[in-house]
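The values are calculated or read from the model by the stated rules, or taken from the named source; none is laboratory data. What you see is a predicted model; the values in this text were computed from it and never measured. Please note: Cβ atoms are built from the backbone with ideal geometry, for glycine as well, and neighbour counts cover all protein chains shown. Each accessible area value is taken on the protein alone, full model and side chains, heavy atoms only, with ligands, DNA and RNA left out. Shrake-Rupley method; radii C 1.70, N 1.55, O 1.52, S 1.80 Å.
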Amino acid sequence: MHHYLLGTLLIIATSAVNAQTRRIASSNGISQKKSYDRNDYLPFTLSIKSGLTQFFGELNEQDMRGVSGVSIGKAFNKNISLHLDYHSGKMGGQKFAFFNSWFVNGYNSVELMAKWNLTEQFNHFEPGDVHFSIYGGLGILHFSANAYDLDNNQLLRFTNSQLSARNPHFLRWGRPKSLANIKRTREGLLPLGTSLDYKLLRHWKVGLDYRFYFVRTDKLDATSGMRVINPEESESYSDTPNDKFSFIAVTLTYRFHLSH
């Protein structure tokens, strides 16, 4: 599936070059800024996406899993917009050396992000059909991870059980506060990313979204440090670096224009 995503990226990039060339070759050589419809920069957007995840941690030999999501956004001007995202997906990986195990993690996340449209900020021939943006924000991750033996698929480690109890929100250290039998671990997220969008029609855009996550935990792979005990919330964290993961996804966006 990742080959299809890379192919889509090449198609969109080629379209971007062609679209840019057509605008620069305009017969009058004048920027199209004066033709702006200002309502075009104040739309609400609804996006859906689907892609693949990649994990960075102890069990980091890759097993790319799927993710899907939905996003609603509001642009405040032609450069800046705010987005609320929801994702549901899985991540996976394995490690033969020392651990001899593989893992799967099912997660859901909610993220609030500010996006900066660099194309509209710096391109003298905007508005165009292609837009490149960067973004960042904060989020919450709910997940449950299990690690299994590579030889016989026996369950070795897990993040949640009847003994699990939830740690304070966003804190790495501290005694669990809530009742036992927590089904899913809750941790903080720092998402950073880039997006490339192409305007198909007046209201529709297709694009690619690459997002990298810094997570406030070291047990996304049901493994915490170079040890083989269960990294439950009722256990202390290790001193090893926190885990990270990313995704690349194809997006389809509908833009709700303001009425005149």
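Tabulated values for the structure
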item	result
Within segment 226-244, considering residues that are of a type in the set (S, T, N, Q) and more than 12 Å from V215 (Cβ to Cβ), the one modelled with the lowest pLDDT	S236
Of all residues making up segment 206-219, the number that are modelled with pLDDT under 95 and open to solvent by less than 40 Å² (accessible area, probe 1.4 Å)	4
Segment 69-97: number of residues that are hydroxyl-bearing (S, T, Y) and open to solvent by 60 Å² or more (accessible area, probe 1.4 Å)	1
In segment 57-68, residue surrounded by the fewest Cβ atoms within 10 Å (Cβ to Cβ) [restricted to those that are in a strand (DSSP E or B) and modelled with pLDDT under 95]	E61
Check on N146, open to solvent by 30 Å² or more (accessible area, probe 1.4 Å), closer than 22 Å to S88 by Cα and at pLDDT 90 or above	yes
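Conditions (1) aliphatic (A, V, I, L, M); (2) modelled with pLDDT of 80 or more, marked per residue:
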site: H124; (1), (2): no, no
site: L141; (1), (2): yes, yes
site: S164; (1), (2): no, yes
site: N167; (1), (2): no, no
